[in-house]
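Here's the structure, in structure tokens; my notes come after.
The values are calculated or read from the model by the stated rules, or taken from the named source; none is laboratory data. What you are looking at is a predicted structure, and each value in this text was computed from that prediction instead of being measured. Cβ atoms come from the backbone with ideal geometry, glycine included; neighbour counts cover every protein chain shown. Accessible surface areas use protein heavy atoms only, side chains included; no ligands, DNA or RNA. Shrake-Rupley method; radii C 1.70, N 1.55, O 1.52, S 1.80 Å.
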Amino acid sequence: QVQLVESGGGLVQPGGSLRLSCVASRSAFTMGWYRQAPGKQRVLVATITSSVNTILADSVKSRFAITRDNAKNTVYLQRNSLKPEDAAVYYCHARFLDGRFYWGQGTQVTVSS
């Protein structure tokens, strides 16, 4: 079993910035973030492989950045110019080469003045 521990959620004003972190209990091939707003499906935000290939959703590509520290099994999501529509529960995920896929417990992000 793999544990994913997220941190960095909270309340931020529109236009503000916030960084999410997720630490995995073991190294994964791909790590990243999904988000789920109330009444909506969980959607991909960003992923990064161990070789630092990244994918970002079009809606966040110009404002968010995903990075990874392989030595610490940690992935970061830097989010700038936050909008009310970015408010959601953000879930860390990790995928392994054998196909196993794990979720974190989720961290709430609220964007409000």
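Using a Gaussian network model on the chain with a 10 Å cutoff between Cα atoms, which of 44, 20, 97 fluctuates the most?
97
Considering only 99, 16, 32, give the residue with the highest GNM mean-square fluctuation for the chain, with springs between Cα atoms whenever their separation is below 10 Å.
Of 99, 16, 32, the Gaussian network model singles out 99 as fluctuating most.
Give the cross-link partners of residue 40 among the lysines, using a straight C-alpha distance below 19 Å as the criterion and excluding same-chain residues fewer than 8 apart.
Filter leaves 83.
Quick query: amide H of residue 45 versus all other amide H atoms, modeled in the peptide plane; which residues come in under 5 Å with a sequence gap of 5 or more or a different chain?
33, 34, 35
Calculate what fraction, in whole %, of the accessible area of the range 14-113 sits on carbon and sulfur atoms when a 1.4 Å probe is rolled over the protein chains.
50 percent
Return the distance in nm (one decimal) between the two label points of a simple spin-label model at residue 67 and residue 113, each offset 7 Å from Cα along Cα→Cβ.
Taking the two extended label points, one gets 3.0 nm.
What relative contact order, as a whole-number percentage, does the chain give when Cα pairs under 8 Å and 6 or more residues apart are counted?
Computed value for the chain: 37 percent relative contact order.
With a 1.4 Å probe and every protein chain left in place, tell me how much accessible area residue 58 has, in Å² to the nearest 10.
130 Å²
Normalized C-alpha radius of gyration of the range 5-62, against 2.2 N^0.38 Å?
That ratio works out to 1.25.
Which percent of the Cα-Cα distances in the chain go past 24 Å?
18 percent
Quote the accessible area belonging to residue 6 in square angstrom, nearest 10, computed with a 1.4 Å probe and with ligands, DNA and RNA left uncounted.
Only protein atoms counted, so the area is about 20 Å².
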